[in-house]
């Protein structure tokens with residue numbers, strides 16, 4: 001089976017660090033991704049994807065971009081159960097396409 005995802009979108013929120021239920025550190029941010037079609041009124045709909053950067057990628061994000069920066073994320077989906085409420089994209093690589101530098 002293959003679990004490989006590539007999305008391009010705008011950084012909707014900067015990385016936030018939290019502790020998960022097991023006490024492990026989790027860093028995540030929200031990526032706004034435009035759907036490839038329009039609604040009947042011509043407007044686009046967006047999906048909001050929870051992205052968990054792998055290792056030092058979150059630190060690079062803090063240095064190189066702000067909310068509104070356009071990034072490409074390569075990674076894999078992770079969902080601990082059949083209930084899709086906890087699905088997240090584990091980011092293995094992020095390319096900064098249009099970084100709004102601080």
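Observations
- Within region 1-31, being over 17 Å from residue 94 (Cβ atoms) and either surrounded by 14 or more Cβ atoms within 10 Å (Cβ to Cβ) or touching a residue at least 12 places away in the same chain (Cβ under 8 Å) (or both) holds for one residue alone: 3.
- Hits in region 43-71 - residues which are assigned to a strand (DSSP E or B) and either within 22 Å of residue 19 (Cα to Cα) or free of Cβ contacts under 8 Å to residues at least 40 places away in the same chain (or both): 44, 45, 46, 47, 48, 49, 50, 51, 52, 53
- Near pairs, Cβ below 7 angstrom, 6+ apart or cross-chain, from region 72-86 (assigned to a helix (DSSP H, G or I)) to any residue that is at pLDDT below 90 and surrounded by 10 or more Cβ atoms within 10 Å (Cβ to Cβ): 86/79
- Scanning region 32-42 for residues that are without any contact (Cβ under 8 Å) to a residue 12 or more places away in the chain and surrounded by 10 or more Cβ atoms within 10 Å (Cβ to Cβ) yields one hit, 38.
The values are calculated or read from the model by the stated rules, or taken from the named source; none is laboratory data. Just so it is clear, the structure is predicted and the values come from calculations on it, not from any experiment. For neighbour counting, all protein chains shown are included, and Cβ atoms are generated from backbone atoms with ideal geometry for every residue, glycine included.
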